[in-house]
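Please treat every number below as a calculation from the coordinates, not as lab data. Just so it is clear, the model here is predicted, and its values are computed rather than measured. No Cβ is skipped: glycine too gets one built from the backbone with ideal geometry, and neighbour counts run over all protein chains shown.
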Amino acid sequence: MCWKEENNKLELSLTFKDFVQAFAFMTEVAIHAEKINHHPTWTNTYNKIDFQLSTHDAGDIVTQKDKDLASIIDKIYVRYQ
C-alpha cells in the first residue's frame with residue numbers, strides 16, 4: 001500500500017472488483033476498528049474506498065493509532081487481491 005501523509009492525515013485510495021467486495025472489506029475493517037476503538041474517515045463509491053486517518057482527540061493529527069489502523073487495513077487488503 002502507498003499511504004500518503006498530507007494535511008495531518010494518512011490518505012489512501014483502494015479499488016476492488018465490485019461494490020460487494022468493497023463493502024465486505026469495509027465490514028472487516030469496521031470490526032477491527034471497533035476492537036481498537038479507532039475509526040477511519042472513509043468514503044465509498046461503488047468499488048472505490050478513500051481513507052483519511054487522523055486522531056481526532058489529539059487535534060486531528062497523525063498518531064501511532066493511525067499508523068496501527070493503517071497496518072491493519074493493509075493486512076486485510078492483501079487478502080482481497
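Brief remarks follow.
- Inside the range 3-27, residues that are small (Gly, Ala, Ser) and in contact with a Lys or Arg (Cβ under 8 Å, 6 or more places away or on another chain) make up a count of 2.
- Evaluation of residue 40 against the conditions (1) within 8 Å of the chain's Cα centre (by Cα); (2) surrounded by fewer than 17 Cβ atoms within 10 Å (Cβ to Cβ); (3) not basic (Lys, Arg) shows that the sole unmet condition is (2).
- Residue within the range 21-44 that is closer than 18 Å to residue 9 by Cα, assigned to a helix (DSSP H, G or I), in contact (Cβ under 8 Å) with a residue 60 or more places away in the chain and touching a helix residue (DSSP H, G or I) at 6+ places or on another chain (Cβ under 8 Å) present: no
- Of all the numbered requirements in (1) part of a strand (DSSP E or B); (2) touching an Asp or Glu at 6+ places or on another chain (Cβ under 7 Å); (3) under 17 Å from residue 71 (Cα atoms), residue 50 misses one, and that requirement is (2).
- Residues satisfying the stated conditions in the range 21-37, i.e. farther than 14 Å from residue 73 by Cβ and either within 9 Å of the chain's Cα centre (by Cα) or buried (at least 17 other Cβ atoms within 10 Å of the Cβ) (or both): none
- Selected residue (criterion: surrounded by the fewest Cβ atoms within 10 Å (Cβ to Cβ)) from residues of the range 1-20 that are part of a loop (DSSP other than H, G, I, E, B) and in contact with a Phe, Trp or Tyr (Cβ under 7 Å, 6 or more places away or on another chain): 1
- Among residues of the range 2-20, those that are over 17 Å from residue 80 (Cβ atoms) and either free of Cβ contacts under 8 Å to residues at least 24 places away in the same chain or in contact with a Cys (Cβ under 9 Å, 6 or more places away or on another chain) (or both), counted: 3
- Matching residues in the range 43-59 - criterion: being acidic (Asp, Glu) and either in contact with a Leu (Cβ under 9 Å, 6 or more places away or on another chain) or surrounded by 13 or more Cβ atoms within 10 Å (Cβ to Cβ) (or both): 50
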